[in-house]
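A short worksheet on the structure shown next.
The values are calculated or read from the model by the stated rules, or taken from the named source; none is laboratory data. No experiment lies behind these values; they were computed from the predicted model shown. Note: ideal-geometry Cβ built from the backbone for every residue, glycine included; neighbour counts use all protein chains shown.
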Amino acid sequence: MPIRPALSRRDAILILLGASIMHIFTIFFPHESAPPEILIDTPREQFLPDPPPPPPEVTRYHTRTTTLVQATTTTATVVAIPSAGPASASPLDLALEFPATTLIAHAPGWTLFKDLYMSNGTFFIVTDSKSEFPKIPLMASHPLTALNEPENIRQRMPTPYNMDFLTLAEAHQRWGDDVRNGKKNRVLSVAGNTVLVNEPRQFLRHYYHLVAELFFGVQAFWHGAFSAASTDIDRDYMLGPHPAPPPIDRVIFARSNADGWRDGPGFNAYFMRAAFPSTTIEVEDDWNDRVTITTSGDRAWHFPLLLLTDRSASHRGDVCGSQTQRIAAEAFVEMRRKNQLVGLRVGGWWEPVRSAVLRFAGAEVQLPDYSEQVVFDGDNAEGDPRLPMPAKIVITYISRQSAGQRKLTPESHDELVKALKDLQERKGDKWELNVVEAEKITKDEQLKIAARTTILLGVHGNGLTHLVMMQPTRISTVIEMFYPEGFAHDYQWTTRALGMKHFAVWNDTYRTEGRGEGKPQVNYPDPGFQGNFIPVHGPSIAKLIEDRVEGRVVLREFNFRKPEVATKTHGDSERQDRPESEGSHPILFPGTLIAAPLDFVDCRWAPHRSSGTAPMYPRRQLL
């Protein structure tokens, strides 16, 4: 039987035709490879990224040294491990070793730390060299309200709960973990620079104590600690600009609530926001949050740079505790001793704060005017000749007659205002008088007047705090009126620290550094010191102002950089002026002047009289 072909002639023709067509098509349309990716016009963020691959069974760790730059530089050795998330916010999470605490600067009650730690409310100094640090009672205290009683003084002594030392190994044992196997340490860094105020609200609610004591000391210590030491006399007369210290990022009132650091008139808040506009303020509740988070003790906060201020610790120092009772004095004297206070004779270290507040108030901030000065025949006999005389003598009397306490007798007030007006009218348009009742004008207006003032006077009280806003000139002066035999250091010390002259006045009698015995002993006679029957002889005050301006308060100057003990000579006998504490030296300030000869206890004018019904200041005998 014949075999029929598998394909018919028709099929063969169709196959041949199809193959020919395909061959011709490939000649005219050659084949192109597929593109490497397909682009779709869709936003990329709509697509989730692929999950990271799992880590290999064997992970190789590479150690690197990272320098963490904030306002200060901290170096920590960390371990780099694979991470799919954002970088850790804490630079010590992965530290193999915690940076040791170091001491940048110290004075009693003022301690500037690099890398200080806190856990469960306790400050920890992490170091293997404990002997390099001061005694803890000179750095910290148990923050109780201060009373001048032996039991209270004992209770304010620090315990290991307030501050303690840890070795590096002990710190790692408490807060560290197995970083090499991917576990994190339990230490959180508080970025930036911190000032921590370790005192209750007792003194913080007062304009003078917060501004002219606490932050006066903060600025002296902070600015001084970051300034180069120099004995260049020209720098002592420079208001600025000087190299700026690191910014203060945070102030923590750790023992006060939000109301506790604010005074009634509102000047504390005004000052803080004007002087430190970018600074965050935390209070007791915020601090307690940090304490609560670390209550277990196995977690800690790390402060890269922290200035710890402690009022009770300052009073354990010789300068504050025995001589001035001003906590800022410890900070000031230490930085002056190290020749690190810039603009020492004119308050150049304080000028950044002063100018910031005055600019906020809308006052004119300018350097002293040397081109047009008031010149008198006796000009060269008074003040520092390297400082300018002002272009205008501005007398500002801050009246307390509307206040609740510490008032002049009505007769004394009226007589004083009349004497000052008579003086201004007699001197002409180169003199100006402002009689200010602070509660009746705005804060801006008060500061604008203070910035122009040459002679500031008033009864001992809060308004004299404005002296920190005065411009330094050759005759910048503060005259403080006291109840007979009363005296306090507050404004006297602050005035001298800014290179200005302070006069304490009792009725028609004055004393000042450089006349007679100089600074009196602190005394608060009861009830007169706080009373409303303070006498003063108005014409005597006017005469003192005129003598001060025209160079008739004759004083001589000595080397202000060397603390000395002034001597008084009477006949063939000689003795030393001793300060309040036996064995210590009086603290002399820029511009401290000693009278020549040193033979009077006080100065007075005739006639000697009293105003009102209060007792007359008792006469003293000449030495």
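Within segment 428-442, the presence of at least one residue that is assigned to a helix (DSSP H, G or I) and in contact with a helix residue (DSSP H, G or I) (Cβ under 7 Å, 6 or more places away or on another chain) is confirmed. Kindly provide the set of residues from segment 212-231 that are out of contact with any Lys or Arg (no Cβ under 8 Å at 6 or more places or on another chain), part of a loop (DSSP other than H, G, I, E, B) and among the hydrophobic types (A, V, I, L, M, F, W, C), ordered by number. Passing the criteria: PHE226, ALA228.
Could you list, in sequence order, all residues of segment 280-310 that are part of a helix (DSSP H, G or I), in contact (Cβ under 8 Å) with a residue 24 or more places away in the chain, touching a Lys or Arg at 6+ places or on another chain (Cβ under 9 Å) and among the hydrophobic types (A, V, I, L, M, F, W, C)? Answer for segment 280-310, where residues must be part of a helix (DSSP H, G or I), in contact (Cβ under 8 Å) with a residue 24 or more places away in the chain, touching a Lys or Arg at 6+ places or on another chain (Cβ under 9 Å) and among the hydrophobic types (A, V, I, L, M, F, W, C): just TRP287. Within segment 495-540, being surrounded by 24 or more Cβ atoms within 10 Å (Cβ to Cβ) and of a type in the set (Val, Ile, Thr) holds for THR495, THR512, ILE534, VAL536.
What do you reckon, is THR73 modelled with pLDDT under 95, among the hydroxyl-bearing types (Ser, Thr, Tyr) and under 27 Å from the mean Cα position of the chain (by Cα)? Considered against the rule, which asks whether it is modelled with pLDDT under 95, among the hydroxyl-bearing types (Ser, Thr, Tyr) and under 27 Å from the mean Cα position of the chain (by Cα), THR73 comes out as yes.
Residues in segment 232-279 that are farther than 28 Å from ARG290 by Cα, in contact (Cβ under 8 Å) with a residue 24 or more places away in the chain and not in a loop (DSSP other than H, G, I, E, B): ARG235, ASP236, PHE267. Residue check: HIS206 meets all listed conditions (1) out of contact with any Phe, Trp or Tyr (no Cβ under 6 Å at 6 or more places or on another chain); (2) closer than 22 Å to PHE113 by Cα but one, namely (2).
Do we find that ARG273 is out of contact with any His (no Cβ under 8 Å at 6 or more places or on another chain) and charged (D, E, K, R) in this structure?
Judged against the criteria, ARG273 is a match.
Restricted to segment 104-137, and to residues there that are under 26 Å from the mean Cα position of the chain (by Cα) and surrounded by fewer than 16 Cβ atoms within 10 Å (Cβ to Cβ), the residue that is farthest from ALA254 (Cα to Cα) is GLU132. Residue check: VAL346 meets all listed conditions (1) surrounded by fewer than 21 Cβ atoms within 10 Å (Cβ to Cβ); (2) more than 13 Å from the chain's Cα centre (by Cα); (3) farther than 30 Å from PHE98 by Cβ but one, namely (1). Taking segment 519-546 as the range and being modelled with pLDDT under 95 and within 28 Å of LEU239 (Cα to Cα) as the test, only LYS519 passes. Has segment 455-463 got any residue that is without any contact (Cβ under 8 Å) to a residue 24 or more places away in the chain and either of a type outside the set (D, E, K, R) or outside any helix (DSSP H, G or I) (or both)? No, segment 455-463 contains no residue that is without any contact (Cβ under 8 Å) to a residue 24 or more places away in the chain and either of a type outside the set (D, E, K, R) or outside any helix (DSSP H, G or I) (or both). Close Cβ contacts (under 9 Å, 6 or more residues apart or on different chains) running from residues in segment 176-203 that are in the same structural domain as PHE113 (by TED's automatic domain parsing) and within 30 Å of PHE216 (Cα to Cα) to residues that are in a strand (DSSP E or B) and hydroxyl-bearing (Ser, Thr, Tyr) comprise SER189/THR74; GLY192/THR280; VAL195/THR309; LEU196/THR309; VAL197/THR309; ASN198/THR309; GLU199/THR309.
Yes or no: ALA225 crowded, with 19+ Cβ neighbours inside 10 Å, farther than 19 Å from SER312 by Cα and at pLDDT 95 or above? Considered against the rule, which asks whether it is crowded, with 19+ Cβ neighbours inside 10 Å, farther than 19 Å from SER312 by Cα and at pLDDT 95 or above, ALA225 comes out as yes.
Filtered by the rule that a residue be part of a strand (DSSP E or B) and either more than 25 Å from the chain's Cα centre (by Cα) or closer than 17 Å to GLN401 by Cβ (or both), segment 464-483 gives ILE479, GLU480, MET481. Within segment 366-379, not a single residue is more than 24 Å from ALA220 (Cα to Cα) and modelled with pLDDT of 90 or more.
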